[in-house]
Amino acid sequence: MEVGAEGFARRLPRLRRRILRAAFVALDMEFTGLHSTSVQNNEPSLFDSPAERYVKARQSVQRFTLVQLGLAIFSKENSSKDVEFTLSASSIQFLSHYGFDYNKFLKDGIPYMNEVQEKILRQRLLAGTWKVCSTSNADRDVLKKAIDEVTSWIAVAKEEDTMILQDLNGDHVLEVQLVLRQALENVWTEPLGDKKVMVKKVSPEHRQLLENSSYDHCQKKLILLSARGFTNLFQILVKANKPLVGHNMFMDLMHLHDKFYRPLPESYEEFKRNIHNLFPVIIDTKTVTKSVQKKCLFPRVSSLLEVYAVLCSSNLNPKGPPCPVIALASGCSRYAEKKSPHEAGYDAFLCGSVLLMSAHLLLCRSTDDAVEADPSFSQYLTVLAEHVNKVNFIRGGVSSINFSGEDVPCRHPPALIVHVQGWPGLTERQIYQEFKARCRFDVRRLSKNQFILLSSQYKQLVLRDYRHHPHLQVSVYRHWRHSPSVNCLLQISGIVALWSVLAFALGGTSS
C-alpha cells in the first residue's frame, strides 16, 4: 500500500494498531544521496574505524534528505497473515531505471521534523510569529490562483455564500486556508477532503466565534500535528518497542536519528546510546545472512533480492518443518505480482521475509530435537541472539557495529607498502590510478615517499608485477618496521643509547 500526504493522517490510527500487535517491523529507506562529494575523502574506506566512518556519514546524512520510507509490519495472525504495509515518504525516481516517480515526491511527500525543529515551530506558533513559507514556484502559483479566485468571488458574494477550491494537495489545503484567513477578515474556510477547501463569506463577528470553536482545523495544535507528519509514526514505533529489522541499516539508523529524533550528535558513542534507547532490539539481516552463509551450504550472494531468491528456491533444510507461510495483507498485494527492487516498501518486505526464513533455518540447525511446525518469533529471537544489535559495517576495520556495547577492536586485512623513488609529487589519487586494475583497495599516504594499500583481497599479483618496477617498490607492510611512530621511537632510543654510551665513556675517562 502506498501512502502519501493526502491519506497519511487518516491511516495513522490503523498503522498504530498494526504496529502494536506486530511481532516485528522491517524498515528500508531511499535517500537523495549516500556520500557527499562536497567533502574531501568522504568515501568509505577499509582504513575506517566505526567512529571515523560515523564522522564521514554524519556529514552526508546532514546534506541529503529521506525520499522514501518502506515499512513492513509482520504479525502472526490466524485469519490473515498481516505482513506488509508500505509507507512512502515519497515515490521518487531514486534510480531512474527502477521507475520511481519524482512527481509523487514533490506533490505528495509526507512532512517530518525532529525534536529541535518541532520545538522551534511550537515556540513560533505560541508567539504568533509563524508564517506560511512556500518556496517553490509551483506552491506560489497554487496560492496565488486561490487568492485570485476568492478575491474575485467575495467582491460580489453575499454573507453565508460559499465556494469550493479544488485540486489542492495535503500541504496546500492548510496553507491556502491560513493565507486566505490572514488576507481577508470576512472569510471562513474548512477542508472538505478529496483535495478541496470550502470558503464561506462571514461577518467579522461570526469569524471570531468560529476561530474560538473546537472544530477549527487550523488550530495551532492541529497545525503542529500536520507539520510533524511522519514523526508521529516514528514515535509510535519507538513506544511500541518492537524489534526493528533492516538490511545494511547503518545509514538508515543515522537518518532515523537525524530526521525524526534529534540532529546527529558529534559523538559516535552518544549516537549509539541514543539509538539503543530508541530501539533496544535491532536486527540487521546482512549480519544474519553472513552467518547463514558460513553455517549452511548457502551460495555467496550480495544483494537482498538475491538472498531472498536463494532462500525461496533452495531446500536448505530438507528434514525440518517448512518455513512459516508469509502472506500479504488485504490491499497490499502489489509485491506478490511484481518485483520492485530499490523501492523502499518492497525492500522492507524482502528484509522481513529474509529474516524469518534465515531464523527458521538457524533454528532447525541449532537443535537435535524436532522443531515444532509453527515456531514463535521468540524462538527465532533465541537463535538470533548473537546477531541482535550487531549492524553490518561495510568495508572497514570491523565486521559489525555493536549498538548494545563496545565495538570489537579493528582488525585490518594484510596491507602493502609502496616506496616511491624518482617520482616526485606522487599523490594518493595517482597511486590509486596506478593499481586499480589489479585489485580493489584503499590508499593512504604514510610519509612523503610511502603509501599504504589496504585490500580485502590478497595482493600476490601486485607483489609479482612490481618486483622490478623502476619507481615503485612494493612489499608487505610490517608495523614494527614501517610505522613512522615506531621508527621515531627507535631513532630516539638510538640517540639516548648513544648518549648513554658517550656519557659512560667520558665519565670513565675523567675517573
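The values are calculated or read from the model by the stated rules, or taken from the named source; none is laboratory data. These figures come from a predicted structure and were not determined experimentally. Here the Cβ positions follow ideal geometry from the backbone for every residue, glycine too, while neighbour counts run over all protein chains shown. We work out accessible area using only protein heavy atoms, side chains counted, and drop any ligands, DNA or RNA first. Shrake-Rupley method; radii C 1.70, N 1.55, O 1.52, S 1.80 Å.
Of note:
- Taking a straight line from the alpha carbon of LYS201, these aspartates and glutamates sit under 19 Å away, with near neighbours fewer than eight places off in the same chain left out: ASP148, GLU149, GLU159, GLU160, ASP161, GLU175, GLU185, GLU190, GLU211, ASP216.
- Near VAL187, the amide H atoms lying under 5 Å from its own belong to VAL202; only residues 5 or more places off or on other chains count, and H is placed 1.01 Å from N.
- The residues of region 416-477 expose, per residue, 60 Å² of accessible area to a 1.4 Å probe.
- Of the whole protein surface, TYR477 contributes about 50 Å² of accessible area at a 1.4 Å probe radius.
- Among the listed pairs LYS76/LYS272; LYS56/LYS339; LYS76/LYS239, those beyond 25 Å (Cα-Cα): LYS76/LYS272; LYS56/LYS339
- One chain, two ends: GLU52 and LEU463. Fully extended at 0.36 nm per residue, the span grows by 145.0 nm beyond their Cα-Cα distance.
- Computed from backbone phi, the HN-Hα couplings of region 357-362 come to 5, 5, 5, 5, 5, 5 Hz, rounded to whole numbers (Karplus: 6.51 cos²θ - 1.76 cosθ + 1.60, θ = phi - 60°; Gly and Pro given as x).
- Modelled FRET efficiency - R0 41 Å, CYS296 with LYS145, Cβ distances, 0.05 increments: 0.10
- Amide hydrogen proximity for LEU446: with H placed 1.01 Å from N in the peptide plane, the residues at 5 or more positions away or on another chain lying under 5 Å are PHE451, ILE452.
- In this structure the amide hydrogen of SER400, modeled in the peptide plane, comes within under 5 Å of the amide hydrogens of PHE393, none closer than 5 places in sequence on its chain.
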